[in-house]
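Encoded as structure tokens, the structure appears first; notes follow it.
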Amino acid sequence: MVTSKKYLGKPWGRASINIIIDSYYLVKVTMVEDNRTEAQESMLTAYPQLRGMYAVNDGNSVVHYLKDVTATFYTFNGEPRKVKF
């Protein structure tokens, strides 16, 4: 969950995650806001420590899901490999 008021007016949509383990991974995603009550309840059930700060439909939090996920795997000795989820 993200505090909604902090991001009002900010353009949501694309995000990138860079990971370096044995090789380099770049993950690009589209973030979509999920306004369903069930999504907020699921998040608060998974992370009960947040219940002191957030409540379902309190207007102070938002849940996103990821779509259009593309992971690109880079290595130093080969061509990049793309995987779409």
I'm trying to understand the selection: among the residues of the range 32-85, which are at positive phi and either loosely packed, with under 11 Cβ neighbours inside 10 Å or in a loop (DSSP other than H, G, I, E, B) (or both)?
ASN57, GLY59
For GLU38, state whether it is at pLDDT 95 or above and charged (D, E, K, R).
yes
Filtering the range 49-76 down to residues that are closer than 26 Å to ILE17 by Cα and more than 19 Å from the chain's Cα centre (by Cα) yields GLN49, PHE73, TYR74, THR75, PHE76
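The values are calculated or read from the model by the stated rules, or taken from the named source; none is laboratory data. The structure displayed is predicted, hence computed values, not measured ones. Using ideal geometry, Cβ is built from the backbone for each residue, glycine included, and neighbour counts are taken over all protein chains shown.
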